[in-house]
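Colleague: If you scroll down you'll find the structure; I have some questions about it.
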Amino acid sequence: MEVAVFVQDEVADFGLAAVLEAFGTANSLRGELEMAPEPWNVRTVSMGDQVRSAYGHLVPTTPLTELSDGFELMIVPAVRVLDAEGLIEAVSAPSNRLVLERIAQARASGAHLAAACTGTFYLAESGVLDGSPATTSWWLGPAFRRRYPRIELDEGQTLCRANRLTTAGAALSHLDLALSLIAAKSPALAELASKYLVFGDRRRQIDYAIPEVIARHDSVVAGFERWVRDHIADQFSIADAAHQLGVTERSLQRATQAEIGMSPRDFVNEVRLERATHLLRSTALTVDSVSVKVGYLNAGTLRSLFRRRRGRTIAEVRSTRLSW
């Protein structure tokens, strides 16, 4: 398979290295399988013959003008721009028009398009994601949703795949992205490569999201987030919270849906689950005590929410303490 990894100046060093290492590892392990797929011919491409990475390393590249339309897969790794305003300014700059046109052309020719982290904004800006589900870095979700309303964003997911389009979340998700693309040709080879890379399953990006960061860009949602944290152990209704914030319940509903893609009640549960996760991992409190501290009258409610919203049991949460 011909693979084009498209990069620009300020390409994220880890993202690019993760993609190249995953495909390189898979290629080197093909001989371990009885029925191996054809190798991936991976080329790093750009608008010129080299780019400078975010940490100043020169990366030699094949110019896009010298690349035929024969590649089957184009991957756009992240650029190291962490703030949404600067990222949108970068992807929408006139100097990037040819880049966006080339992405759209690759889509029209039938290539599989993939991107991770801030790289997903290039696919979105080109229009190829319109009408499709996608994910991006969890802290960029609100800005992504506002600029690209035609895309079905779910920033809670680490990976999102639909109709020859694959998007992934932040930083380490570049490895998830690359392994998923390898698995499309050979699940066995992807599993073998993941073992050599010592990289496990991380299906849900929402486990790492920080509600405070997600909410901070909208004054109503930010105020709601702070109010919920101040009353996290209390029994309150959404109507009570809206009244205290000086808005209607309907206005609060519209604000959270538009900014973070969830209802006020779901957001309250996310804030409480984040706090509960911290307590379960950092203290010896009983599950009943943790439940009370985050506003649930019984442990059964907390257990149910962890299963439904995190896909794991409380025992699994408690057993995955950070090792550093």
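Read the figures in this text as sums done on the coordinates, not as results from a lab. As the structure is a computational prediction, the values presented were derived from the model and not from experiment. So basically every Cβ, Gly included, is an ideal-geometry build from the backbone, and we count neighbours across all protein chains shown.
Colleague: Among G311, G295, S109, whose Cα lies farthest out toward the positive end of the dipole of the chain, if unit charges sit on the beta carbon of Lys, Arg (+1) and Asp, Glu (-1)?
Modeller: After comparing all options, I get G295.
Colleague: Let me have the 222 nm mean residue ellipticity of the chain computed from DSSP H runs of 4+ only, each contributing -39500 (n - 2.57), with the sum over all residues rounded to the nearest 500.
Modeller: -13000 deg cm²/dmol
Colleague: Follow-up question, since we're still on this one. If you place +1 on the Cβ of every Lys and Arg, -1 on the Cβ of every Asp and Glu, and leave all else neutral, what size is the dipole of the stretch 133-222 about its Cα centre, to the nearest 20 Debye?
Modeller: The calculated dipole for the stretch 133-222 is roughly 300 debye.
Colleague: Please report, in debye to the nearest 20, how large the charge dipole of the chain is about its Cα centre when each Lys and Arg carries +1 at its beta carbon and each Asp and Glu carries -1 there.
Modeller: 1020
Colleague: Could you list which residues have their amide H under 5 Å from that of L153, counting only those 5 or more apart in sequence or on another chain, with H placed in the peptide plane?
Modeller: Sorted by chain and number, the residues that satisfy this are A134.
Colleague: Skipping prolines and chain starts, which residues have an amide H placed within reach, meaning under 5 Å, of the one on T62, given they are 5 or more residues away or on another chain?
Modeller: For T62, whose amide H was placed from the backbone, the distant partners under 5 Å are T44, V45, S46.
Colleague: Order of 276-289, 129-142 by packing, highest average Cβ count within 10 Å first?
Modeller: Descending mean neighbour count gives 129-142, 276-289.
Colleague: Which of these values of Rg and Dmax of the Cα atoms in Å was calculated from the structure shown: (1) 21.6, 66; (2) 18.9, 56; (3) 20.3, 71?
Modeller: It is the value labelled (1).
Colleague: I'd like the antiparallel share, as a percent to the nearest 5, of DSSP beta bridges with both residues in the stretch 2-207.
Modeller: Roughly 30 percent of the DSSP beta bridges within the stretch 2-207 come out antiparallel.
Colleague: Of T277, A36, A209, whose Cα points farthest to the positive end of the dipole of the chain (charges on the beta-carbon: +1 Lys, Arg; -1 Asp, Glu; origin at the Cα centre)?
Modeller: So the residue furthest toward the plus end is T277.
Colleague: May I pose another question? Work out from phi, with θ = phi - 60° and the Karplus expression 6.51 cos²θ - 1.76 cosθ + 1.60, the ³J(HN,Hα) of each residue of the stretch 287-296, listed in order in whole Hz, and give x for Gly and Pro.
Modeller: Once θ is set to phi - 60°, the couplings for the stretch 287-296 become 4, 4, 5, 4, 4, 5, 5, 10, x, 10 Hz.
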